Amino acid sequence: DVAYLRSVLPSSTDDAFFEYLATLDASEVTVTAIPEGSVVFARVPFLQVKGPLLVVQLLETTLLCLVSYASLVATNAARFRLLAGPDVKLMEMGLRRAQGPDGALSASKYSYIGGFDCTSNILAGKLYGIPVRGTIAHSFIMSFSSLEEVQPRELPPRAGGDPVDVPSLAVSWLERVYFQGLLDTYCVRRSGLPNFCAVALALHQLGYQAIGVRLDSGNLAQQSKEIRRALRACGARFQVPWFGNIPIAVSNDISERSLEELSREGSEINMIGVGTNLVTCPLQPSLGCVYKLVEVNGSPCLKVTEDEEKMTIPGVKSIYRLHDDAGHPFMDLLALEEEPAPGAGQELRIRVLGRLGETTKVIPSAVERLHRTYFQDGQVCEPLPSIPEVRIHAQESLSQLSPSHRRLREPQPYPVAVTEKLHRLFLELRQATE
């Protein structure tokens, strides 16, 4: 690495710089962070890094690369989960539209953390233990031109006995399936659903149970209702009780708007596959995470701009989440590290960001300290959760939010505040720069 840097930096670069780079030691770095999967609001520092200046500066790009896209996809997935509700299964299927294989793996991992149930990306399943699900491809169905091409043809009954010719058995059932429905490799009412039912009934006769159907075009809500009526009618006619509950999955460029329409119209859908609009995050293609210096050699520092929202909040800070009587978080509070922690039931005088000119008094029913130390003295010092554990924590964090903060359309702004002492430091540093 040092040799490469020598080749691209000016020849006049001091040799002592390269010698110093070869001695860098990350053991002097301390990292504190809000636990993975937690809900984090704007202006709240979810990661703090302490250490030698050059080392922590070198970490900037790496850390932002690791957390920005991860947070963006997990947030996007959480929005889909909130729109779909708790009962519908969500399948991530964005591998073919993702930004390369690494982006696809990241999207699979972080959409699962954000609330999706499974992925069609088998490599993500292998590497991360995410449940894998998939369906038959249109191209596979189209590759057959006749039942004579189906091999092998025979399947033994589940309970034992001589193998049975399944295509012939399915054809005999097809003659008894008299209704019309919609499945859409060929978008033909008289093809998809009757053929599925014929095969499913043939399998049932042999002791097996069909997994489900998938729709990939057309009016998904309306089709799902028609298919459910047909499945129930088929189950009643042939006395197969589970037939009416066969899962119906849908795909086809599903977006937040699609989910809102499905919810508004009502449907019989059990699983939704989301690809492009999940992994590419078209509503917000990037997340504006920043990494700013707030203290150097024990002295707080402040970046001053004309835009107050872009000013940094100086000093090393502790972060607290304040909860109301109902258990919902109602405010995050930034305090200087040396300040005593606020207590439950204690009246606090604070300044809300965006309204720094006025003092506000709040009395939290509970106080949660958000930051934990994860890396210190060259060692990971906090047990790192598994991906399923992070996923559970993410859903719990979302469920704690009050409905007014959690809604996706015109949510009530969530306030972030600073203590009076931190506000005074901010004013002092700002005045010193004028």
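The values are calculated or read from the model by the stated rules, or taken from the named source; none is laboratory data. None of these values were measured; they are calculated from a predicted model. Cβ coordinates were reconstructed from backbone atoms using ideal geometry, including for glycine residues, and neighbour counts include every protein chain displayed. We work out accessible area using only protein heavy atoms, side chains counted, and drop any ligands, DNA or RNA first. Shrake-Rupley method; radii C 1.70, N 1.55, O 1.52, S 1.80 Å.
Data table
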quantity: Where a residue in the range 338-362 is more than 11 Å from residue 418 (Cα to Cα) and its partner, wherever it lies, is of a type in the set (Val, Ile, Thr) and assigned to a loop (DSSP other than H, G, I, E, B), with Cβ under 6 Å and at least six apart; calculated: 347/363
quantity: Neighbours by Cβ (under 9 Å, 6+ apart or cross-chain): first from the range 189-210, open to solvent by 40 Å² or more (accessible area, probe 1.4 Å); second aromatic (Phe, Trp, Tyr) and not in a loop (DSSP other than H, G, I, E, B); calculated: 199/173; 204/242; 204/243; 205/173; 209/242
quantity: Subset of the range 406-434 [touching a residue at least 40 places away in the same chain (Cβ under 8 Å) and in a helix (DSSP H, G or I)]; calculated: 406, 420, 421, 422, 423, 425, 426, 429, 430
quantity: Residue match in the range 363-385 (condition: out of contact with any helix residue (DSSP H, G or I) (no Cβ under 6 Å at 6 or more places or on another chain), at pLDDT 95 or above, of a type in the set (Phe, Trp, Tyr) and farther than 22 Å from residue 295 by Cα); calculated: no
quantity: Residue within the range 398-407 that is surrounded by 17 or more Cβ atoms within 10 Å (Cβ to Cβ) and touching a Leu at 6+ places or on another chain (Cβ under 9 Å) present; calculated: yes
quantity: Qualifying positions in the range 94-129 - among the aromatic types (Phe, Trp, Tyr) and open to solvent by 10 Å² or more (accessible area, probe 1.4 Å); calculated: 110, 112, 128
quantity: Scan of the range 244-275 for residues that are closer than 19 Å to residue 114 by Cβ, out of contact with any Leu (no Cβ under 7 Å at 6 or more places or on another chain) and crowded, with 16+ Cβ neighbours inside 10 Å, ordered by number; calculated: 251, 254, 255, 258, 271, 273, 275
quantity: Some residue of the range 69-77 being touching a Gly at 6+ places or on another chain (Cβ under 8 Å) and within 21 Å of residue 264 (Cα to Cα); calculated: yes
quantity: Qualifying residue in the range 234-243 (condition: part of a loop (DSSP other than H, G, I, E, B), modelled with pLDDT of 90 or more, open to solvent by 30 Å² or more (accessible area, probe 1.4 Å) and of a type in the set (Gly, Ala, Ser)); calculated: no
quantity: Unmet requirement for residue 215, which otherwise passes all of (1) hydrophobic (A, V, I, L, M, F, W, C); (2) open to solvent by less than 30 Å² (accessible area, probe 1.4 Å); (3) at pLDDT 90 or above; calculated: (3)
quantity: Qualifying residue in the range 412-419 (condition: in contact with a strand residue (DSSP E or B) (Cβ under 7 Å, 6 or more places away or on another chain) and at pLDDT below 95); calculated: no
quantity: Total residues in the range 52-69, condition touching a helix residue (DSSP H, G or I) at 6+ places or on another chain (Cβ under 7 Å) and surrounded by fewer than 19 Cβ atoms within 10 Å (Cβ to Cβ); calculated: 2
quantity: 1 or more residues open to solvent by 30 Å² or more (accessible area, probe 1.4 Å): qualifying strands (runs of 3 or more DSSP E) within the range 290-385; calculated: 329-336, 348-352, 360-362, 366-369, 372-376
quantity: Check on residue 89, under 25 Å from residue 270 (Cβ atoms), in contact with a helix residue (DSSP H, G or I) (Cβ under 6 Å, 6 or more places away or on another chain) and modelled with pLDDT of 95 or more; calculated: no
quantity: Check on residue 341, among the small types (Gly, Ala, Ser) and either closer than 30 Å to residue 52 by Cα or in contact with a Cys (Cβ under 9 Å, 6 or more places away or on another chain) (or both); calculated: yes
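Residues checked against (1) farther than 30 Å from residue 352 by Cα; (2) open to solvent by 80 Å² or more (accessible area, probe 1.4 Å); (3) assigned to a helix (DSSP H, G or I):
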site	(1), (2), (3)
7	yes, yes, yes
13	yes, no, no
16	yes, no, yes
40	no, no, no
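A quick yes/no check of all residues on (1) under 30 Å from residue 318 (Cβ atoms); (2) in the same structural domain as residue 256 (by the TED database); (3) free of Cβ contacts under 8 Å to residues at least 60 places away in the same chain:
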position: 37; (1), (2), (3): yes, no, no
position: 56; (1), (2), (3): yes, no, yes
position: 92; (1), (2), (3): no, yes, no
position: 106; (1), (2), (3): no, yes, yes
